[in-house]
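Let me begin by presenting the structure, written as structure tokens, before commenting on it.
A short reminder: the numbers here are calculations on the coordinates, not readings from a lab. Please read all numbers here as calculations on a predicted model, not as lab measurements. Reconstructed Cβ throughout: ideal geometry from the backbone, glycine too, with neighbour counts over all protein chains shown.
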Amino acid sequence: MGEDPLVQAAYRLCRRTTRAHDPAVHALVQLMPAALRPACWALWAAANTLDDLADRPGVEPARRAADVAAWTKALEHDLSVGTSTDPVRHALVDAAARWRLDLSGLRGAMATTRDDAHGLRFTDWAQWRAWCNREVVPWVDQVRQLFDQAGAPMTLRLDRQADYRHFVDGAQLTDLLTDLGTDLAQGHLLLPRDAMEPFPGAEEDLIRGRWSPAVAALVADLTALARRWLTRPALTRGMHPGPATVLDTAAVLMRLQLDAIDAAGPTLLARPPRPSVVARARVLLPARLRSALVWGLSPLTAPGVRLPAAVKASEPGPAADDTALRPPPPHRDGARPPRIATDKMPNHVAVIMDGNGRWAQQLGLPRQEGHRAGAAAAHDVVYGALEIGLRHLTLYAFSTENWKRDTDEVVTIFEAVRRELDEGPLHDLDVRQRWSGRPDRLPQDLVDAIRREEHRTRDRTGLTLTICLDYGGRDEIARTAAALAQAARDGDVDPDLIGPDDFARHLPHPDMPDVDLLWRTGDEQRTSNFLPWHAAYAELYFTPDHWPDVDRRDLWRAITEYGRRQRRYGAAPSLPPTAAAVRDRRADCR
């Protein structure tokens with residue numbers, strides 16, 4: 001790619017680096033169309049360069065971390081000027097310019113690699129998984145961007161996100177088991193402690209580099225777990241056949257790798273095991289034939305012409321702050337949020353935005369106009385949430401029962417959501433957006449837009465705004481129960497020990513906090529199947545105004561009212577000071 005000899009030489013170096021460090025990744029890249037391969041080589045070479053800087057033996061951790069930070073900072077500069085004296089960065093800068101890649105998503109991954117130079121230990125799977133998400137997923141997401149830009153999207157249905165997370169976990173666990181001996185030699189034991197606890201002595205034996213029955217049992221258990229995580233046949237259903245071939249082949253190659261790990265025995269601690277050439281060929285040869293057929297029949301978007309450096313200089317680099325974010329606009333009447341004590345401030349407010357249709361009918365307008373006016377009210381409430389410092393806001397936009405409404409009204413609601421995603425006023429605010437509900441019944445273009453916006457805002461740290469779309473509380477609980485049953489069948493949880501925490505971990509958004517305040521407008525006093533798990537202990541607040549008549553001041557009133565309530569969670573109420581004084585006086589009289 002590219003007529004510049006320096007660029008071509010840089011890409012060739014990246015290809016050699018990828019092949020030397022990750023033969024399996026190199027084989028998978030060969031299943032992609034030729035136009036995409038150079039950019040993939042550049043991405044993987046950059047990731048491996050950073051890993052090498054962070055893992056250099058014999059170098060002090062502080063120096064390794066400083067070298068990773070320096071390489072990252074140099075990349076930021078190179079992106080701004082459109083070139084680099086370092087061949088790997090030169091190829092990455094060229095790929096980002098041609099394919100319009102947003103490398104800002106790598107910021108967290110590069111920071112994690114820098115921190116890894118100081119050594120890693122994980123207490124449990126949750127901590128391990130969080131590290132995987134920071135370290136690995138951003139690089140994979142860049143490849144997904146490439147497929148999107150080429151017109152062959154690696155579309156992941158929203159109801160397949162759990163499968164995707166398990167697949168990534170399985171890939172990372174396979175990689176860690178492969179490199180177990182190498183990591184141990186460098187002082188890294190990257191397996192979580194709660195995975196080793198059922199095998200007494202395994203952790204100590206691994207630290208000493210000693211193969212033992214406990215280590216053998218641990219490795220067998222972890223390879224079985226990785227196989228379960230990688231076996232996700234539904235993951236690629238409905239996906240473009242090109243990316244689907246790549247993912248399906250990756251799963252088969254990783255299962256071959258797990259076979260090699262199982263067969264390695266004590267040599268696992270001495271050198272990375274590899275499947276035989278014959279076994280790999282049996283997988284890759286038919287995969288190459290399938291991919292050649294698919295890409296031969298699939299028209300792709302060619303890489304773009306390189307942007308001039310002056311244009312790229314305005315784009316965010318991988319280590320740049322999101323300086324384009326702006327504060328919310330002030331209230332039209334100059335209203336300012338009340339001062340709320342920290343202990344009186346809810347963490348999570350959920351809102352049933354009721355009354356859009358009735359508001360429109362009372363004004364002699366079609367019901368659809370009520371939903372358009374309701375979108376403006378939602379904007380102002382979000383502005384108010386940002387101003388008062390609310391951390392989580394969840395809005396009920398469309399329930400599983402709303403499909404019973406008139407088709408025109410349903411279409412209007414979906415069109416409003418789509419407009420918000422494409423051009424809504426929340427784009428430049430410090431709002432992390434995400435969605436909850438059943439995506440399998442939504443229009444595919446809407447699902448794609450939702451996924452893009454979730455990805456675009458994933459690193460924002462202000463308000464987390466969750467939109468419930470085609471959402472039903474009972475449906476969510478039923479799907480969570482099914483996921484928990486599958487986890488029990490896979491051996492991930494013990495069915496005899498399942499508790500509330502296990503259930504919560506299998507919800508669509510396990511990190512969503514419990515609802516502190518549930519507010520409903522429209523003069524109705526019921527919760528309508530909204531967040532039954534999260535709102536079990538919520539304070540309920542009902543107001544008569546229809547949703548289009550609401551603005552941020554109503555949110556502030558709701559939060560102020562919440563602060564006046566005493567939340568006991570089943571404990572006995574505390575006596576007011578006067579009652580306590582009377583009780584004490586009576587005791588003295590005795």
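What ³J(HN,Hα) values, in whole Hz, does the Karplus curve 6.51 cos²θ - 1.76 cosθ + 1.60 give for segment 390-397 when θ = phi - 60°, with x put for Gly and Pro?
Taking θ as phi minus 60°, the curve returns 5, 8, 9, 9, 10, 10, 8, 9 Hz for segment 390-397.
Using a Förster distance of 51 angstrom, determine the FRET efficiency expected from the C-beta separation of residue 456 and residue 271, and round it to 0.05.
0.75
Report the FRET efficiency, 1/(1 + (r/R0)^6), for residue 126 and residue 565, where r is their Cβ-Cβ distance and R0 is 30 Å, rounded to 0.05.
So, using R0 = 30 Å, E works out to roughly 0.40.
Compute the acute angle (0 to 90°) between the alpha-carbon long axis of helix 125-135 and the principal axis of greatest extent of the alpha-carbon atoms of the chain; round to the nearest 10°.
70 degrees
Restricting to DSSP loop positions (anything but H, G, I, E, B) with no more than 15 other Cβ atoms inside 10 Å of their own Cβ, which trypsin sites (Lys or Arg not before Pro) remain in segment 332-362?
332, 339
Average projected area of the Cα convex hull of segment 346-564, in nm²?
Seen from a random direction, the Cα hull of segment 346-564 projects 12.7 nm² on average.
With unit charges on the beta carbon (Lys/Arg positive, Asp/Glu negative), name the residue among 195, 425, 260 whose Cα is farthest towards the positive pole of the charge dipole of the chain.
Going by the Cα projections, it comes out as 260.
How large is ³J(HN,Hα) for each residue in segment 477-494, as worked out from phi by the Karplus curve 6.51 cos²θ - 1.76 cosθ + 1.60 (θ = phi - 60°), to whole Hz, x for Gly and Pro?
5, 5, 5, 5, 4, 5, 5, 5, 5, 5, 4, 5, 5, 7, x, 6, 9, 8
Say the dipole of the chain comes from +1 at the beta carbon of Lys and Arg and -1 at that of Asp and Glu; which of 468, 302, 110 then lies farthest toward its positive end?
So the residue we want is 302.
Given (i) 75, 57, 48; (ii) 81, 69, 46; (iii) 118, 52, 51, which label gives Cα extents along the principal axes in Å as computed from the coordinates?
Label of the calculated value: (ii).
Determine, from the Cβ-Cβ distance of residue 6 and residue 52 and an R0 of 25 Å, the FRET efficiency 1/(1 + (r/R0)^6), rounded to the nearest 0.05.
In this case the efficiency is close to 0.65.
Calculate, in nm to one decimal, what residue 524 and residue 341 gain on full extension: separation in residues at 0.36 nm each, minus their alpha carbon distance.
62.9 nm
So what's the angle, to the nearest 10 degrees on a 0 to 90 scale, between helix 5-21 and the longest Cα principal axis of the chain?
Relative to the chain, helix 5-21 is tipped by roughly 90 degrees.
For segment 51-146, restrict the atom set to alpha-carbon positions and state the Rg and Dmax in Å.
14.4, 43
Residue separation times 0.36 nm, minus the C-alpha to C-alpha distance between residue 536 and residue 259: what's the value?
95.1 nm
Relative to the Cα centre, what is the charge dipole magnitude of the chain, using +1 at the beta carbon of each Lys and Arg, -1 at the beta carbon of each Asp and Glu, and rounding to the nearest 20 debye?
Using Cβ point charges on Lys, Arg, Asp and Glu, the chain gives about 320 debye.
Give me, ordered by chain and number, the residues 5 or more places off residue 390 or on other chains with an amide H under 5 Å from its own placed amide H.
Amide H neighbours of residue 390: none.
Amide H of residue 399 versus every other amide H placed in the peptide plane: which residues, excluding those fewer than 5 positions away on the same chain, fall under 5 Å?
Those lying under 5 Å, H to H, from residue 399 are 470, 471.
For segment 346-564, give the magnitude of the charge dipole about the Cα centre (Cβ charges: +1 Lys/Arg, -1 Asp/Glu; no others), in debye to the nearest 20.
140 debye
For residue 432, enumerate residues with amide H under 5 Å from its amide H, sequence gap 5+ or separate chain, H modeled in the peptide plane.
Here 462, 463, 464, 465 satisfy the definition.
Using the reciprocal of the averaged 1/r over all distinct C-alpha pairs, how large is the Kirkwood radius of segment 5-312 in Å?
20.4 Å
May I ask for the angle, rounded to the nearest 10°, between helix 241-264 and the longest principal axis of the chain, with both axes built from Cα atoms and the value confined to 0 to 90°?
It is inclined by approximately 70 degrees.
Where in the chain lies the longest segment free of chymotrypsin sites (Phe, Trp or Tyr not before Pro) that are both loop residues by DSSP (not H, G, I, E, B) and have at most 15 other Cβ atoms within 10 Å?
1-536
With n ≥ 4 as the cut-off for DSSP H runs, can you work out [θ] at 222 nm for the chain, using -39500 (n - 2.57) per run divided by the number of residues, rounded to the nearest 500?
So the calculated ellipticity at 222 nm is -17500 deg cm²/dmol.
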